[in-house]
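Step one of this worksheet: look at the structure below.
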Amino acid sequence: MIKAIIFDLDDTLYYEQDYVKSGFRAVSRYIGSKYGVSEKEFYKLQLDILEKEGRGKVFDLALENFSLPQDEVEKMLAVYRSHNPEGIRLYEDAEYILRKLKREGKYKTGIITDGNSQVQWNKIKALGLIDLVDEIIVTDDFGVDKRKPAPFAYLRLLESFKIKAGEAVYIGDNPLKDFIGARGLGLKTIRIVREKGMHIEKRMEVSYEADFEVNTLRNLEDILNRIDRGDSCD
Ligand SMILES: [Mg+2]
């Protein structure tokens, strides 16, 4: 019997790129007011670099492009990490299911998320998740070595919920890290594949993939019932 549902955060409960854009807007305001460059152009440039080069080099290349001092990178990172996210909201189906689960109280609920602690907690607060689930673990609060797929956070929630691994399900979007650790412990796993998201194209060998795959959380309870009946995946 499934007794607890544990969710990933980014690209599972909301669209992560909305947070990234919100951060870029904050950084653009900072750079714009300090150096008198166009906030709009600096913002657009960051998005272009993100699309072409990926996340790692955005701030360095944007500064280079505007001939601004490279030592601003650290401050930009601080602005990005500390800003209050604007324009991020739960996916409609995520909000629906979280509210329903809370109202009905049949399952314990939790979130396990990796990433910079300040960033993840700012997202969690902006999305109103603290009141919607029973437990939240930001793995970086305990050390970067506790990031998924490390067993630490899963075990901590199982203990807190006083349940066995086979009584919990983990729902995430990233087959690189969301399922292999959880499955190793004996949790059931569900992959959400949405229309957009950083990991939707990734396909991994079977041990990294989830037991079930869905494209909305709206019918989550049907899957949980199938798990309880002992059905295998599609
Ligand atoms: Mg994710």
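Just give me the residues in region 12-41 being surrounded by 22 or more Cβ atoms within 10 Å (Cβ to Cβ) and within 16 Å of the ligand (Cβ to nearest atom), in sequence order.
T12, L13, Y19, listed by residue number.
What's the number of the condition Y30 fails, among (1) in the same structural domain as L217 (by TED's automatic domain parsing); (2) over 17 Å from K123 (Cβ atoms)?
The one condition Y30 does not meet is (1).
Read through the list (1) away from the ligand (no atom under 15 Å from the Cβ); (2) assigned to a strand (DSSP E or B); (3) free of Cβ contacts under 8 Å to residues at least 40 places away in the same chain, then give the number of the only condition that D222 fails.
Among (1) away from the ligand (no atom under 15 Å from the Cβ); (2) assigned to a strand (DSSP E or B); (3) free of Cβ contacts under 8 Å to residues at least 40 places away in the same chain, the lone unmet condition for D222 is (2).
Quick check on V214: is it at pLDDT 95 or above and closer than 16 Å to D11 by Cβ?
Yes; evaluated as a whole, the condition is true for this residue.
Inspect region 161-176 for any residue being in contact with a Phe, Trp or Tyr (Cβ under 7 Å, 6 or more places away or on another chain) and farther than 23 Å from F212 by Cβ and give the result as yes or no.
no
Just to check your reading of the model, which residue among V133, V169, V138 is of a type in the set (A, V, I, L, M), under 28 Å from R99 (Cβ atoms) and within 15 Å of the ligand (Cβ to nearest atom)?
Result: V138 is the single residue among V133, V169, V138 that is of a type in the set (A, V, I, L, M), under 28 Å from R99 (Cβ atoms) and within 15 Å of the ligand (Cβ to nearest atom).
Enumerate the pairs (first residue in region 173-185 and in contact (Cβ under 8 Å) with a residue 60 or more places away in the chain; second residue anywhere and acidic (D, E)) with beta-carbon separation below 7 Å, excluding pairs fewer than 6 apart on the same chain, so at least 6 apart or on different chains.
D173/D8; D173/D11; D178/D8
Mind checking which residues of region 16-46 are of a type in the set (F, W, Y) and touching a Gly at 6+ places or on another chain (Cβ under 7 Å)?
Listed by number, the list holds a single entry, F42.
Looking at F152, F161 in this structure, which one is among the aromatic types (F, W, Y), away from the ligand (no atom under 16 Å from the Cβ) and over 19 Å from the mean Cα position of the chain (by Cα)?
F161
Select from region 92-115 the residues that are within 21 Å of Y154 (Cβ to Cβ) and of a type in the set (K, R) and list them in ascending order.
Residues satisfying the conditions are K106, K108.
Go through (1) farther than 22 Å from R99 by Cα; (2) away from the ligand (no atom under 15 Å from the Cβ); (3) surrounded by fewer than 16 Cβ atoms within 10 Å (Cβ to Cβ); (4) not basic (K, R) one by one and return the number of the condition L176 breaks.
Here L176 clears every test but (2).
The values are calculated or read from the model by the stated rules, or taken from the named source; none is laboratory data. The model shown is predicted, which means the values in this text are computed figures rather than measured ones. Ideal geometry is used to build each Cβ from the backbone, glycine not excepted, and the neighbour counts take in all protein chains shown.
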